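For reference, the structure is listed below as structure tokens.
Each reported figure results from applying straightforward, stated rules to the coordinates on display, with no laboratory input. Everything numeric here is computed off the predicted structure, so don't read it as measured data. Note: ideal-geometry Cβ built from the backbone for every residue, glycine included; neighbour counts use all protein chains shown.
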């Protein structure tokens, strides 16, 4: 259910409630609230708050291979997150727009793997902990008179493990994205996008979840992509894309169940 109420000419309240039911773990209710204050024609304040969930997927809930991964006989509950955000949006002129926000979120019942307490060999999914984060985000968009479009976004966040207070893995503190789109003619545009990701910790495995030896730092990296897009004919769109133009080494978060080459030293038999 959802409703919007205009409290004053400048203040609007938007509230909603969602209910989901799963055979595996039952029902979950998730409210959300938005308070929107139109300060003037060019400036808007927004306060956003709500609760959401992530249901365990099929692998987390049911998969087992009788060797490396066992099904949790007690089942796996959904992750839940409560978030709050304060947003300021401003239209500087007809072509320049900016936004800034501060946010906080707390996640409970994080789904992860740990050593099966029965047998102490296989891994098992379960609700193992919590995490929280706070940060800020800034965005600016400019549409130039000649058709050029530019976009810049920066995010800073500090995400920590709710139990140990240590920095969360796979969560960089700094992220910067820039995009430029240049019209070549009425049909074609040339585009360039840069994504810069700050250094972060990654987890080698879930075998020593709270052991610093099971974590490592990966360096910051920047990736540049180019594209040429257009509509040469009606109902026909074409695009030519070049990803990672400078062949930058990129790091992607992976499942904590991935076994690395040094897994034997971390206690995995038979590797």
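If you stretched the chain out fully between residue 104 and residue 182, how much longer would it get, using 0.36 nm times the residue separation minus the C-alpha to C-alpha distance? Can you show the working numbers first?
Numbers: separation 78, 0.36 × 78 = 28.08 nm, distance 3.60 nm.
Full-extension gain reported as 24.5 nm.
Determine, for 152, 110, 13, the number of other Cβ atoms within 10 Å of each Cβ, and report the residues in order from fewest to most. Write out the running numbers ahead of the final one.
On the way: 152 16, 110 19, 13 13.
Ascending Cβ contact count within 10 Å gives the list 13, 152, 110.
In nm, to one decimal, how far is the modelled label at residue 235 from the one at residue 128, with both set 7 Å along Cα→Cβ?
The modelled label-to-label distance comes out at 5.3 nm.
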